[in-house]
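Bear in mind that the values in this text are calculations on the coordinates, not laboratory data. As the structure is a prediction and not an experimental result, all values here were calculated from the model. Neighbour counts run over all protein chains shown; Cβ positions are idealised from the backbone, glycine included.
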Amino acid sequence: MTDLLVVLAVAVGSYALRTSFIVVAGQRTASPAIVAILDHVKPAALAALAVTAASSHETLTPAHAAALVVAGFAAYKGAGLLTALILGMLALAAGSLII
């Protein structure tokens, strides 16, 4: 029972911290410098996911490499994060069928 209470307390605390940031940040306008920095968050998150996915496999297949290249190129060209992820997944599916 105490384990469940600990998990619930951590979940409530985590939710409260994330919600408080959204509420506080939503009431202020960000400076141009902050906006410029935040523009790099999505490509950095995609790169972190790609590197983690590539390094978690014992062997990087050509289909996975193609998906990483396609998603990375889409993110580099300014496509949205969702677009880059969808293109990467489509490249992975096509590569898995072809190779």
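List pairs: first residue in the stretch 10-30 and of a type in the set (Gly, Ala, Ser), second residue in a helix (DSSP H, G or I) anywhere in the structure, Cβ distance under 9 angstrom, at least six positions apart or on different chains.
So the pair list comes out as 30/38.
So, in the stretch 73-99, exactly how many residues are of a type outside the set (Val, Ile, Thr) and surrounded by fewer than 13 Cβ atoms within 10 Å (Cβ to Cβ)?
Taking the stretch 73-99 first, the residues of a type outside the set (Val, Ile, Thr) are 73-82, 84-85, 87-97.
Narrowing the set further to residues that are surrounded by fewer than 13 Cβ atoms within 10 Å (Cβ to Cβ) leaves 76-78, 80, 82, 93, 97.
Residues in the stretch 73-99 being of a type outside the set (Val, Ile, Thr) and surrounded by fewer than 13 Cβ atoms within 10 Å (Cβ to Cβ): 7 in total.
What tally of residues in the stretch 40-72 results from selecting those that are over 16 Å from residue 98 (Cβ atoms) and surrounded by fewer than 14 Cβ atoms within 10 Å (Cβ to Cβ)?
14
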